[in-house]
Amino acid sequence: MEIYTIDKPEQLQMLRRIADPVQDIDSNIAQLAQDMVHTMIKGNGIGLAGPQVGRLLRIFTIKPGNAEPLVFINPEIIATSEELSLYDEGCLSIPGQYGEVKRPAAVQIHAWNTKGRPFTMEVDQLMATVIQHELDHLNGVLFLDHLKKGKKNKILKHFSVKPADYPEIA
Ligand code: NI
């Protein structure tokens, strides 16, 4: 699958859209999840969301360390810690650029797996950040949007995106 990047205007538009809930967790969704896992691993990513491969659906995959990849369908964060943590975040859609983002250090997330079974997970440290970063993608939010304006514009400039051409969330 092609990974959408912010340097291509039509792909950036897609990355700024709000994804739709998955209606039926069927074999097509299971196949999509499998393709996304392969694409994530091939790209050396630790997370990948539907809009990043041009699928405007509420699904993302993560790779927690050496453990098996996980798939989250229609995910919702149901609790967050007051404690925050800071990570230097990157994104397969913003290759080679990084920025420090502060987010809740631990979250509880509810989602469905590819077999259509609901599950709840509690995660902290890097996985908490990855999950929040991926969930952001489903709402058209990129890690850039958490940075100070100057840093954000510097990264946009790196990809020849004028701040005025950075799309609103739609
Ligand atoms: Ni990302």
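Conditions (1) closer than 23 Å to residue 161 by Cβ; (2) more than 16 Å from the ligand (Cβ to nearest atom); (3) not aromatic (Phe, Trp, Tyr), marked per residue:
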position: 11; (1), (2), (3): yes, no, yes
position: 14; (1), (2), (3): yes, no, yes
position: 22; (1), (2), (3): no, yes, yes
position: 65; (1), (2), (3): no, yes, yes
position: 87; (1), (2), (3): no, no, no
position: 90; (1), (2), (3): yes, no, yes
position: 103; (1), (2), (3): no, no, yes
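Please tell me if residue 114 is at pLDDT 95 or above, touching a helix residue (DSSP H, G or I) at 6+ places or on another chain (Cβ under 6 Å) and under 20 Å from residue 36 (Cβ atoms). So residue 114 passes the test. Determine whether residue 83 is of a type in the set (Asp, Glu), on the phi < 0 side of the Ramachandran plot and open to solvent by less than 30 Å² (accessible area, probe 1.4 Å). It is false that residue 83 is of a type in the set (Asp, Glu), on the phi < 0 side of the Ramachandran plot and open to solvent by less than 30 Å² (accessible area, probe 1.4 Å). Just to be sure before I move on: is residue 5 in contact with a Gly (Cβ under 8 Å, 6 or more places away or on another chain) and open to solvent by less than 30 Å² (accessible area, probe 1.4 Å) in the structure I sent? The answer is no for residue 5.
Looking at the structure I just gave you, is residue 122 acidic (Asp, Glu), more than 25 Å from residue 59 (Cβ to Cβ), more than 12 Å from the ligand (Cβ to nearest atom) and open to solvent by 20 Å² or more (accessible area, probe 1.4 Å)?
Details: acidic (Asp, Glu): yes; more than 25 Å from residue 59 (Cβ to Cβ): no; more than 12 Å from the ligand (Cβ to nearest atom): yes; open to solvent by 20 Å² or more (accessible area, probe 1.4 Å): yes.
No: the conditions fail for residue 122.
The residue pairs whose first member lies in segment 36-48 and is under 16 Å from residue 72 (Cα atoms), whose second member is more than 15 Å from the ligand (Cβ to nearest atom) and open to solvent by less than 80 Å² (accessible area, probe 1.4 Å), and whose beta carbons are closer than 6 Å, counting only pairs six or more residues apart or on different chains, are 37/69.
Can you find, within segment 50-66, the residue that is modelled with the lowest pLDDT among those that are open to solvent by 50 Å² or more (accessible area, probe 1.4 Å) and either within 16 Å of residue 136 (Cα to Cα) or small (Gly, Ala, Ser) (or both)? First the steps, then the outcome.
If we filter segment 50-66 for residues that are open to solvent by 50 Å² or more (accessible area, probe 1.4 Å), which is where we start, we get 55, 65-66.
Restricting the remaining residues to those that are either within 16 Å of residue 136 (Cα to Cα) or small (Gly, Ala, Ser) (or both) gives 55, 65.
Details: 55: 98, 65: 85.
Residue satisfying both the conditions and the ranking: 65.
When residue 127 is tested against the conditions (1) under 16 Å from the mean Cα position of the chain (by Cα); (2) within 14 Å of the ligand (Cβ to nearest atom); (3) not in a loop (DSSP other than H, G, I, E, B), the lone failure is (2). The residues of segment 55-98 that are in a loop (DSSP other than H, G, I, E, B), of a type in the set (Ser, Thr, Tyr) and within 12 Å of the chain's Cα centre (by Cα) amount to a single one, 93. Evaluate segment 38-49: report whether one residue or more is of a type outside the set (Gly, Ala, Ser), modelled with pLDDT of 95 or more, part of a helix (DSSP H, G or I) and within 30 Å of residue 163 (Cα to Cα). Checked segment 38-49: at least one residue is of a type outside the set (Gly, Ala, Ser), modelled with pLDDT of 95 or more, part of a helix (DSSP H, G or I) and within 30 Å of residue 163 (Cα to Cα).
For (1) surrounded by fewer than 20 Cβ atoms within 10 Å (Cβ to Cβ); (2) over 17 Å from residue 11 (Cα atoms), each residue gets a yes or a no:
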{"position": "89", "(1), (2)": "no, yes"}
{"position": "98", "(1), (2)": "yes, yes"}
{"position": "103", "(1), (2)": "no, yes"}
{"position": "126", "(1), (2)": "yes, yes"}
{"position": "146", "(1), (2)": "yes, yes"}
{"position": "154", "(1), (2)": "yes, yes"}
{"position": "170", "(1), (2)": "yes, no"}
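Flag set for residue 58, criterion: touching a Gly at 6+ places or on another chain (Cβ under 9 Å) and more than 14 Å from the ligand (Cβ to nearest atom).
The values are calculated or read from the model by the stated rules, or taken from the named source; none is laboratory data. Just so you know, these numbers come straight off a predicted model, no measurement behind them. Glycine gets a Cβ as well: all are built from the backbone with ideal geometry, and neighbour counts include every protein chain shown. We work out accessible area using only protein heavy atoms, side chains counted, and drop any ligands, DNA or RNA first. Shrake-Rupley method; radii C 1.70, N 1.55, O 1.52, S 1.80 Å.
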